Amino acid sequence: MKFADTAAVVTGAGSGLGAATARLLASKGAKVSLFDIDQAKAEIVAKEIGGRAIRCDVTSGESVLAALAEAAAAHGVARIAVNCAGIAPAGRTVGRDGPLALDAFSKVIGVNLIGTFNVLRLAADAMSRLDPLEDGERGIIINTASIAAYEGQIGQVAYAASKAGVVGLTLPAARDLSRLGIRVVTIAPGLFLTPMLLGLPEETQTSLGASVPFPARLGKPEEYAALAAHICENRMINGEVIRLDGALRMAPK
């Protein structure tokens, strides 16, 4: 996939991994629409890179359809879609106040798993009507999981389940969409400098970074973005989940 004048959408683009990805794609010539539930945050990044900020609730089919339509009207139908929207509240299966609230579990699944699939299915549908490019490729969809899908920690039961679902849908979705020339790939980051970790004390950030075998630091959102860009350019990467974690295997807590 070439970037120049190619339309791209990035969810969760107002901060963290999504913002870094939007910036890099735009720097390579892509026309980027930045989807976020917090449009004000997306507007800040959009003004910086010459993109278009669009409010989008990834859990709503109507909201995603409207956002994709607005993006297509501005830039054309997206051939690149990157799913970075997500939430990561903590909660034990049974805590001091009793069992984890079912609504709390459902909300995480709704945003991280159902929201990812919602964007995937609707973006792929629009891509399927585009003219094929080299090798018959019509588009690429990149999802974001987490190494918590494999080594979920104490308090991560909902988050780990949601990300494991994203891991699980990657290969069958890629197989489903192969006849249309649409690739599906997932990145599973380790500990990255996202807003959630940036809110921790500096000594805690340093301690977490030291737990990574090499490099012994927290990942940079730009490193996630660099991998996403490479995946776009390399058509043989398809149906795969790629860990981006510095060889970290998380302990129970």
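Miscellaneous remarks
- Amide H contacts of L244 (H built 1.01 Å from N, in plane; Pro and chain starts excluded): A188, G190 sit under 5 Å, all sequence-distant by 5 or more or on other chains.
- Estimated 222 nm signal from helices in the chain, with DSSP H stretches of n ≥ 4 weighted -39500 (n - 2.57), rounded to 500: -13000 deg cm²/dmol
- Under the Karplus curve 6.51 cos²θ - 1.76 cosθ + 1.60, θ = phi - 60°, whole-Hz ³J(HN,Hα) for the stretch 224-238, x wherever Gly or Pro sits: 4, 4, 5, 5, 4, 5, 5, 4, 4, 7, 9, 5, 7, 8, 7
- Per residue, the convex hull volume that the Cα atoms of the chain enclose (Å³): 121 Å³
- For the chain, the relative contact order works out to 20 percent when only alpha carbon pairs closer than 8 Å and six or more residues apart are counted.
- Mean Cβ count within 10 Å, highest first, over the residues of peptides 48-60, 202-214: 48-60, 202-214
- Here's the picture: charge each Lys and Arg Cβ at +1 and each Asp and Glu Cβ at -1 in the chain, and of A26, V185, M196 the one pushed furthest to the positive end of that dipole is V185.
- In the stretch 1-97 the Cα-Cα distances spread across 10 Å bins starting at 0 as 18, 49, 20, 8, 4, 0 percent of all pairs.
- Dipole magnitude for the chain: computed about the Cα centre from +1 point charges on Lys and Arg Cβ and -1 point charges on Asp and Glu Cβ, it is near 240 debye.
- Long pairs among K47/K253; K41/K220; K31/K107; K163/K253; K41/K107; K28/K220, criterion Cα-Cα beyond 29 Å: K47/K253; K31/K107
- Close amide-amide hydrogen proximity is noted between I37 and G12, C56, each under 5 Å apart and 5 or more residues distant or on a separate chain (H modeled in the peptide plane; Pro and chain starts excluded).
- Close amide H partners of N143, meaning residues 5 or more places away or on another chain with modelled amide H under 5 Å apart, are N83, V185, T186, I187.
- The long axis of helix 39-49 is offset from the longest Cα principal axis of the chain by roughly 60 degrees.
No lab work stands behind these numbers, since they all come straight from the coordinates. Treat the numbers as computed from the prediction; the structure is a model and nothing was measured. Note: ideal-geometry Cβ built from the backbone for every residue, glycine included; neighbour counts use all protein chains shown.
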